[in-house]
Amino acid sequence: MAEPSRPPAPAAGPQAPHAAFFGPVARGNPVVDSFEAELRRVLSSLRRLRGAGEAKPPQHDLHRQGANTLFNIWIKYKPRLPEWYYNERLVKVGDTLAQIKEYKLALLQCYERYLQKFVSVNLDDVMDDVHCFKSTFFPNGVRDEKAALTFHALQARNVCIYQMVCSRDRNLQNQESLQTCLNVLTSLRLTMQVALPQENLCWLIYNGTIHIYTICRHLMVVGESAKVLEYLLWASICMESSIPLLSVHYLTWRATLYTAVSQCYFDCQASIHGEIFARRGLIKIDELKQLEDISSLEHTETEKIFREATLKMSVMIFKRAVYESRRKSNSFRHEPKANPRKAVNLSWPRTTTERLLVKMFDGAAAQFLAILEALSDSSRSLFPPHPPIPDETEIRGVTSELFSAGLEILSGEKGVSGDAAVKFVKLAFSYEEWNVFYSALEFVDNFLQAQDDPTWKKAEIELKLLTLMQPLVFPGKFERSFSISDYNSKAASTHQGSGKTETIRKESLKPEDPFHDLLILATTVFSCVSTSDQNVHPDKEMLVNVVMCLWQKCKTELQQIQMSGNDCLEYIHKHRAYQWVHILWIMNEIIEKSNIADTNVMFAEITLCLAAILENVAESTSESKEKG
């Protein structure tokens with residue numbers, strides 16, 4: 001039997017007319033109006049989805065539908081619009097998508113779609129050679145009127161790639177993520193290298209330095225300063241090489257880049273080069289000041305810009321000088337630590353360090369900033385705390401003097417910012433300067449409790465967690481000088497509505513119990529991460545430290561429970577181990593609620609331990625029922 005014939009394919013309809021058929025390509029042209037209306041609808045839809053927060057399963061379909069719609073719009077209108085107009089809209093829409101954090105769509109649907117007209121292979125394949133790069137993307141030269149749009153698309157593409165890496169691996173734990181960031185930095189540098197001779201592209205150079213600085217700062221935080229130093233140096237030199245960017249208007253940013261380079265040298269244990277570069281920065285600032293018309297210096301704003309830039313460089317010079325001057329002094333005698341509560345009553349300046357502060361800086365705020373920078377060290381984390389290197393007596397003496405000076409300034413209420421004060425308290429904890437820690441905490445805590453902004457509430461919570469961790473890390477080393485019970489009672493009330501939370505009986509929190517401090521810390525941090533206000537949650541690094549501290553203190557007891565096997569219930573009853581299991585459960589809840597499971601492999605051990613204990617309890621219960 002013959003197969004039934006299929007209906008004939010519909011005849012191709014007449015091709016839609018080009019926009020030029022209706023007149024100028026501008027508003028009022030029906031093709032342009034239709035194109036813009038469709039773009040507005042899809043962008044509005046994507047903006048609403050992004051604003052709704054974390055996507056739920058039904059919203060994934062809506063997002064995919066929006067992406068497909070955008071794809072179809074580009075296909076539909078490409079043959080109907082002039083190339084120049086179509087390309088401009090590609091890049092503009094990409095910018096809009098990037099603003100609403102739709103980086104993947106911006107990259108694939110806009111920037112790379114635009115750049116693919118230059119090259120059909122992988123775009124990264126032409127990023128290794130400057131001559132190949134120029135001939136590929138700028139066949140008519142970088143002076144061509146279309147070059148600016150291409151430069152913008154290349155730079156924006158790199159930003160999207162970096163943001164996509166951050167979205168899936170914020171801490172850059174994967175080596176591939178780190179390498180991608182370095183590739184982005186190389187690509188940004190290449191783009192700026194080609195654009196640098198063109199003064200009209202100074203905006204691209206300026207934006208490029210911002211992107212390089214942002215990525216490099218991120219890499220410095222994760223300990224990759226040695227790999228980003230060359231890029232920060234490049235960004236600084238670019239600011240000096242572009243004549244329009246040499247004006248006073250950009251000096252603040254230039255000083256920020258100088259500071260980053262200097263800090264990078266310090267991170268790489270090359271402090272002498274950090275100081276040299278800071279002194280070089282001072283010379284550059286002074287040269288600009290001399291070039292400025294004397295009359296312009298009468299403006300308060302201009303004076304402020306030069307003063308702030310000079311301060312940034314002076315702080316980096318002080319960072320090394322305060323230690324090196326002491327090392328070189330053979331006549332130095334280590335001054336014994338003074339009680340900070342008594343030291344504040346002595347006449348300022350009291351020590352060699354304070355005299356250097358007074359010599360180099362005017363005003364308490366500048367002196368306090370210098371103290372913070374001198375104490376800051378990228379190799380030093382907040383936890384576990386530890387003093388300076390024991391065999392460097394001079395360094396320990398300088399450190400103590402810096403903390404004493406900082407406490408004096410802080411107690412004087414001389415305009416120290418809240419952020420700086422909080423950082424000072426955390427540094428005191430890190431250096432095991434317990435007298436300074438608790439003395440400074442009294443001043444800072446009074447300020448924080450009077451604030452309503454979530455930022456300060458977050459800082460208050462983090463400092464409270466440090467006070468709870470201190471007796472666990474150093475039991476009996478320093479007695480707490482103030483009560484935290486009021487805070488704990490407030491914190492406990494924040495999660496009463498949680499269905500998962502088990503009420504802790506008051507008698508279980510008696511100070512004589514061995515796990516009293518552990519339970520207080522665990523329940524406090526659990527209450528912090530249980531609140532719906534993400535802005536007041538402690539930093540993930542702080543949460544990781546708390547959970548690791550709890551685990552190290554509970555691990556032995558919990559492993560004993562785990563190894564008891566089918567006798568688990570009997571062991572728990574015999575050794576009154578309920579609360580160790582309770583703390584383990586809280587740790588697991590903290591890990592889940594704060595999304596820190598992928599930051600440390602130890603957290604997998606915690607979860608497995610809880611699962612094993614619960615399984616043993618279930619089997620033990622089942623056996624008890626069978627025997628009964």
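The values are calculated or read from the model by the stated rules, or taken from the named source; none is laboratory data. Because the structure is predicted, anything quoted here is derived from the model rather than measured. Backbone-built Cβ (ideal geometry, glycine too); neighbour counts: all protein chains shown.
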Problem set entry | Top-ranked residue in the stretch 357-375 [being farther than 14 Å from Met316 by Cα and of a type in the set (A, V, I, L, M); ranked as surrounded by the fewest Cβ atoms within 10 Å (Cβ to Cβ)] | Val358
For this session: Please work out if Ala153 is more than 17 Å from Met192 (Cα to Cα) and aliphatic (A, V, I, L, M).
Result: no
For this session: Answer yes if at least one residue in the stretch 376-398 is in contact with a Gly (Cβ under 9 Å, 6 or more places away or on another chain) and either crowded, with 22+ Cβ neighbours inside 10 Å or closer than 29 Å to Ile272 by Cβ (or both), and no otherwise.
Result: yes
Seminar exercise, completed: Quick count over the stretch 138-151, residues being in contact (Cβ under 8 Å) with a residue 40 or more places away in the chain and over 15 Å from Leu190 (Cβ atoms), is 4
Seminar exercise, completed: Checked the stretch 408-438 for anything within 13 Å of Thr467 (Cα to Cα) and either aromatic (Phe, Trp, Tyr) or assigned by TED's automatic domain parsing to the domain that holds Val473 (or both); matches are Phe429, Trp434, Phe437, Tyr438
Exercise. Taking the stretch 207-230 only, how many residues are assigned to a helix (DSSP H, G or I) and either crowded, with 19+ Cβ neighbours inside 10 Å or among the aliphatic types (A, V, I, L, M) (or both)?
Worked result: 15
Exercise. Only one residue in Val581, Val536, Val529 is more than 25 Å from Glu460 (Cα to Cα) and either in the same structural domain as Glu460 (by TED's automatic domain parsing) or surrounded by fewer than 17 Cβ atoms within 10 Å (Cβ to Cβ) (or both), so which one is that?
Worked result: Val581
Exercise. What pairs can you find where one residue is in the stretch 412-428 and farther than 13 Å from Ala365 by Cα and assigned to a loop (DSSP other than H, G, I, E, B), the other is among the hydrophobic types (A, V, I, L, M, F, W, C) and modelled with pLDDT of 90 or more, and their Cβ atoms are less than 8 Å apart, with a gap of 6+ or different chains?
Worked result: none
Exercise. Quick check, is Asn435 crowded, with 17+ Cβ neighbours inside 10 Å, at pLDDT 90 or above and not hydrophobic (A, V, I, L, M, F, W, C)?
Worked result: yes
Problem set entry | The one condition in (1) crowded, with 18+ Cβ neighbours inside 10 Å; (2) touching a Leu at 6+ places or on another chain (Cβ under 9 Å) that Tyr86 fails to fulfil | (2)
Problem set entry | Conditions (1) within 21 Å of Asn545 (Cβ to Cβ); (2) in the same structural domain as Leu357 (by TED's automatic domain parsing); number of the one not met by Val473 | (2)
Problem set entry | helices (runs of 4 or more DSSP H) lying entirely in the stretch 548-628 (those with 1 or more residues that are over 31 Å from the mean Cα position of the chain (by Cα) and over 27 Å from Leu465 (Cα atoms)) | 568-575, 602-627
Seminar exercise, completed: Taking the stretch 367-400 and keeping residues at pLDDT 85 or above, part of a helix (DSSP H, G or I) and either hydroxyl-bearing (Ser, Thr, Tyr) or under 17 Å from Lys423 (Cα atoms) (or both) leaves Gln367, Phe368, Leu369, Ala370, Ile371, Leu372, Glu373, Ala374, Leu375, Thr399, Ser400
